[in-house]
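The values are calculated or read from the model by the stated rules, or taken from the named source; none is laboratory data. Just so we're clear, the structure is a prediction, and the values are computed from it rather than from any experiment. Glycine gets a Cβ as well: all are built from the backbone with ideal geometry, and neighbour counts include every protein chain shown.
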Amino acid sequence: MKVFIKKHQYNYIKRCLNDLSNTYKTCSDSNVIDAFKSYTQDKILNLFTNLTEEEKELLSLNKITDPSYINNYLSDLNQYVYGMPVITNAQIGKLFKKEKKLKLPDLNQENSKNVYLGWIDKSTNKLFVAYNMDEKLIGMACRITSTDSKKANICSLCNCIHVENEVAFVSPICKTSNASEGGYKSIGFTVCLDSEKCNDRIESIEKLEDILKEVNNIK
Ligand SMILES: [Zn+2]
C-alpha cells in the first residue's frame, strides 16, 4: 500500500480520534459511543474518494474497541501520510529571487511531512512560506508586523487560538497585475510563528491556498 493520506487530512483524523477518546472518557453508554464512532468513521471516510479495500481497512475504526487502541491506530495511519515534495535550496532561491540575502530554511525534510514549509528570517523579520500548489512551487515573503499582542489570536492557517508571541500579524509582499496603474495591494493575516507546530495542526488547505493565490495574483 502506498502513501495516500495527506498531512492535513491526517491532522483532521487525529482531532476526530481525540474527540472519540474524550467520548470514551466521559460517556458510559455503549450505544452513544458506538453512534459517535460511526459518525467519526463517516467523517474520516468522507475525506477520500476511490479508496481501495486495503485503505478502507486501514481507516476502519472497528479495531478500536477500547480507547487504548487509538494511539496504535494513529501510528499505523502515520506510515501512509505524505507531505509536500522534497524541495531544494536552489528551488527556494529561485522562488524568492527578489529577496536580498535570503535566509534559507533548515531543510531536514527526509522524515518531515509538511503541508507547507515555513521559516523565519530574524534579521529581516520576515516569515517565508513555500507550498506546492497543483505541482507548482509558490511562496510568499511576509513582513512580521507585531508579535507582542496580549490578546488571544487565531492562526489563519491552522485555525487554533494562541496567546502572546506564538502568533504574529504578518503582511505578505503581494504581486500585482499592473503596478504602473497603482495596482498596490496590501493584505494581512495572523499566523503561527512556529511553522512546525502549525503543520501538525492544519486541517484544511483552503485558507492557505486562498492567501497564496491572492499574494501571487493567481486567478
Ligand atoms: Zn497555525
- Query: Are there any pairs with C-beta distances below 7 angstrom linking a residue in segment 192-208 that is not assigned by TED's automatic domain parsing to the domain that holds residue 18 to a residue that is near the ligand (Cβ under 8 Å from one of its atoms) and part of a helix (DSSP H, G or I), with the two at least 6 apart or on different chains, and if so which?
  - Reply: 192/198
- Query: Do you know which residues across segment 141-168 are modelled with pLDDT of 90 or more, closer than 28 Å to residue 94 by Cβ, outside any loop (DSSP other than H, G, I, E, B) and within 15 Å of the ligand (Cβ to nearest atom)?
  - Reply: 142, 144
- Task: Could you check residue 69 against (1) out of contact with any Lys or Arg (no Cβ under 7 Å at 6 or more places or on another chain); (2) assigned to a helix (DSSP H, G or I) and say which number it fails?
- Result: (1)
- Item | Top-ranked residue of segment 32-65 - restricted to ones that are of a type in the set (A, V, I, L, M) and farther than 20 Å from residue 8 by Cα, ranked as surrounded by the most Cβ atoms within 10 Å (Cβ to Cβ) | 64
- Task: For segment 110-125, indicate whether the set of residues that are surrounded by fewer than 16 Cβ atoms within 10 Å (Cβ to Cβ) and aliphatic (A, V, I, L, M) is non-empty.
- Result: no
- Item | Hey, residue 130 assigned to a strand (DSSP E or B), at pLDDT below 90 and closer than 26 Å to residue 83 by Cα or not | no
- Query: In segment 25-58, which residues are at positive phi and either in a helix (DSSP H, G or I) or among the hydrophobic types (A, V, I, L, M, F, W, C) (or both)?
  - Reply: none
